[in-house]
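Would you mind keeping the following structure in view while I ask a few things?
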Amino acid sequence: MAAFDRRLFEQAGDVIVPLREAARTEPELAALYRDSRARADETRLTVFSSWPDGTLRPGLDVRTATDIYAALCNIDVYTTLTVERGWFPDRVEQWWAETLARELLTSPAG
């Protein structure tokens with residue numbers, strides 16, 4: 001999923017940011033942006049729900065895992081790291097993968 005978001009932001013970030021900004025004043029664009037975010041959340045919920053019991057770290061439910069994913073893997077984080085901090089997109093993807101594994105998954109030791 002991190003690889004998908006990296007490609008999405010890399011290829012369409014210049015469309016996503018203006019759409020989100022325009023959505024602040026245009027109700028139709030707000031609905032489009034909100035619906036797109038909801039579809040992405042539904043995909044993540046489906047993926048996380050399909051994992052075997054014990055995959056998510058103890059005490060973490062699927063809804064919260066989806067929230068954590070959304071907080072980490074978004075256009076703002078991607079833009080901050082690539083534009084402001086000079087990271088290459090593959091570095092962002094790698095960091096997302098490592099951070100998501102640490103935040104969401106049960107450690108190999110249990």
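The values are calculated or read from the model by the stated rules, or taken from the named source; none is laboratory data. Nothing here was measured: the structure is a model prediction, and the numbers come from that model. Positions of Cβ are backbone-derived with ideal geometry, glycine not excepted, and every protein chain shown enters the neighbour counts. To get the accessible areas, we keep the full protein, side chains included, count just its heavy atoms, and leave off ligands, DNA and RNA. Shrake-Rupley method; radii C 1.70, N 1.55, O 1.52, S 1.80 Å.
Just need a number here: residues in the range 1-37 that are open to solvent by 50 Å² or more (accessible area, probe 1.4 Å) and small (Gly, Ala, Ser).
0
Out of everything in the range 79-110 that is of a type in the set (Gly, Ala, Ser) and assigned to a helix (DSSP H, G or I), what residue ends up being nearest to Asp53 (Cα to Cα)? Before the answer, list the steps.
We begin by selecting, within the range 79-110, every residue of a type in the set (Gly, Ala, Ser); these are 86, 97, 101, 107, 109-110.
Retained after the next criterion (residues that are assigned to a helix (DSSP H, G or I)): 97, 101.
Working: Ala97: 20, Ala101: 16 Å.
This residue is Ala101.
Still on this model: Hey, among Val83, Val77, Val92, which residue is more than 13 Å from the chain's Cα centre (by Cα) and among the hydrophobic types (A, V, I, L, M, F, W, C)? So that I can check it myself, show each step before the final result.
Working: Val77 fails: more than 13 Å from the chain's Cα centre (by Cα); Val92 fails: more than 13 Å from the chain's Cα centre (by Cα).
The match here is Val83.
Report the residue count in the range 2-39 for those that are under 17 Å from Leu100 (Cα atoms), touching a residue at least 24 places away in the same chain (Cβ under 8 Å) and hydrophobic (A, V, I, L, M, F, W, C).
Total satisfying the criteria: 2.
May I pose another question? Going through the range 38-78 one residue at a time, which ones are within 17 Å of Ala2 (Cα to Cα), open to solvent by 60 Å² or more (accessible area, probe 1.4 Å) and either touching a strand residue (DSSP E or B) at 6+ places or on another chain (Cβ under 6 Å) or not in a helix (DSSP H, G or I) (or both)?
Once the filter is applied, which keeps residues that are within 17 Å of Ala2 (Cα to Cα), open to solvent by 60 Å² or more (accessible area, probe 1.4 Å) and either touching a strand residue (DSSP E or B) at 6+ places or on another chain (Cβ under 6 Å) or not in a helix (DSSP H, G or I) (or both), the range 38-78 yields only Trp51.
Can you tell me which of Glu98, Glu84, Glu93 is closer than 15 Å to Asp5 by Cβ and open to solvent by 80 Å² or more (accessible area, probe 1.4 Å)?
Glu98
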